[in-house]
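The values are calculated or read from the model by the stated rules, or taken from the named source; none is laboratory data. A quick note: this is a predicted structure, and the numbers were derived from the prediction, not measured. With ideal geometry, Cβ positions are generated from the backbone for all residues, glycine too; neighbour counts draw on all protein chains shown. Just the protein is used for accessible areas: all its heavy atoms, side chains included, with ligands, DNA and RNA removed. Shrake-Rupley method; radii C 1.70, N 1.55, O 1.52, S 1.80 Å.
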Amino acid sequence: MTPEALHSSGNSRWLTPEFIIEASRALMGSIDCDPASEESANKYIKASTYYTEYNSGLDPANTWFGNVWLNPPGDKRGVLTKAFYARLISNYVTNKITQACYLCFSLNQLATLQDIYAPTHFPFVIFRQRIQFVDARTGKVGTQPAHHSALIYLPPKNTGMSLQMEGRYN
């Protein structure tokens, strides 16, 4: 199956269900920064700082800090996903963020992100059931995607949970 077939909804604006946000907030204690969000999502994400398509979280002028929640926008080729993940890893390695939860839209994405740094080097969970994301345009729950998603946790470095990361971003 091609990437186009896997991501064929034509909509890249899918919001994370609240139960995933609540679990991530409980794990990290708070959400300080959401670099790929929008105003309607932040009503329940409650990040003190969030960036949207209008003030991009990929803009180097926009600082990521503290506890980060990241569900990057999808695109058929994975360019945005990889760019957000690369910035997340760079900020983590250089201690600009404390910890993060990264929602990986598909298991296929886990494989493609290994070019940057293997997400499986961090604690993660693969959801037993497919996530029903919320359409940001309509506020309605969408149908289940054709694949499973995973939540990657980048823990605080002083917990002993993270692996040594050398080379590419140091």
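Data overview
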| quantity | calculated |
| --- | --- |
| All positions within the stretch 20-68 that are of a type in the set (A, V, I, L, M, F, W, C) and either part of a helix (DSSP H, G or I) or open to solvent by 50 Å² or more (accessible area, probe 1.4 Å) (or both) | 20, 21, 23, 26, 27, 28, 41, 45, 58, 61, 65 |
| Subset of the stretch 96-139 that is aromatic (Phe, Trp, Tyr) and out of contact with any Pro (no Cβ under 8 Å at 6 or more places or on another chain) - its residue that is nearest to residue 83 (Cα to Cα) | 117 |
| Contacts under 7 angstrom Cβ, first residue in the stretch 74-88 being under 16 Å from residue 103 (Cβ atoms) and open to solvent by 50 Å² or more (accessible area, probe 1.4 Å), partner part of a loop (DSSP other than H, G, I, E, B) and among the aliphatic types (A, V, I, L, M), 6 or more apart | 82/116 |
| Residues of the stretch 149-170 satisfying the condition of being assigned to a loop (DSSP other than H, G, I, E, B) and modelled with pLDDT of 75 or more | 149, 155, 156 |
| Failed item, numbered, when residue 120 is tested on (1) surrounded by fewer than 21 Cβ atoms within 10 Å (Cβ to Cβ); (2) of a type outside the set (Phe, Trp, Tyr); (3) over 14 Å from residue 149 (Cα atoms) | (3) |
| Odd one out for residue 89 among (1) among the hydrophobic types (A, V, I, L, M, F, W, C); (2) in contact with an Asp or Glu (Cβ under 9 Å, 6 or more places away or on another chain); (3) outside any strand (DSSP E or B) | (2) |
